[in-house]
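Encoded as structure tokens, the structure appears first; notes follow it.
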Amino acid sequence: MSENSKDPLAVVMAFSNAMEQMDFETGLKYASDDLVYINSPNTEVSGPQGVRQVLEPFFAPIEENEFIIKRRVAQDKFVVLERLDRHRVPQGWFELPVTGVYEVRSGKIVYWREYFDYATIANAMENLLGANQNNRQ
């Protein structure tokens, strides 16, 4: 592993780029075996398989992602990404503002927590599906 591949910001950006493409194989190479992933207050899993168990069902109906990085902060082993995650499903696009907090050690992500508002995603999906239903009438 080159020195640049151990840089926490480079690791998190490579991980994020792979996940944007829904390339779990590549993305999860950046996750440590003991990674702690917290996706919401009630969802905490460990390791690459835990991440896969949470995200594969969410990404299943998604045809395309666009992760727009609004801000990134890196200090020592910590990285924070403020993103606008755009997801295209058959009915159209929906957006979710997300902030991800990461800790990287020896070139691997050991901690990842996502902050987002459930109401935002629920409203976006309701508007998208509701608009789709209205277009059929």
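Please treat every number below as a calculation from the coordinates, not as lab data. Bear in mind that the values here come from a model prediction, so they are computed numbers and not experimental data. We place every Cβ from the backbone using ideal geometry, glycine too, and count neighbours over all the protein chains shown.
Please give the helix 8-20 orientation as an angle from the longest Cα principal axis of the chain, in degrees from 0 to 90, rounded to the nearest 10.
Roughly 30 degrees between the two axes.
Give me the mean projected area, in nm² to one decimal, of the convex hull enclosing the Cα positions of the range 4-136.
The Cα convex hull of the range 4-136, projected and averaged over all directions, gives 7.9 nm².
Would you mind checking the tilt of helix 47-59 against the longest principal axis of the Cα atoms of the chain, expressed as 0 to 90 degrees and rounded to 10?
Its long axis makes an angle of about 20 degrees.
Using the alpha-carbon atoms, what tilt in degrees (0 to 90, nearest 10) does helix 118-136 show relative to the longest principal axis of the chain?
Between helix and principal axis, roughly 40 degrees.
When 19, 13 are ordered from fewest to most other Cβ atoms inside 10 Å of their Cβ, what list results?
Listing 19, 13 from fewest to most nearby Cβ atoms yields 13, 19.
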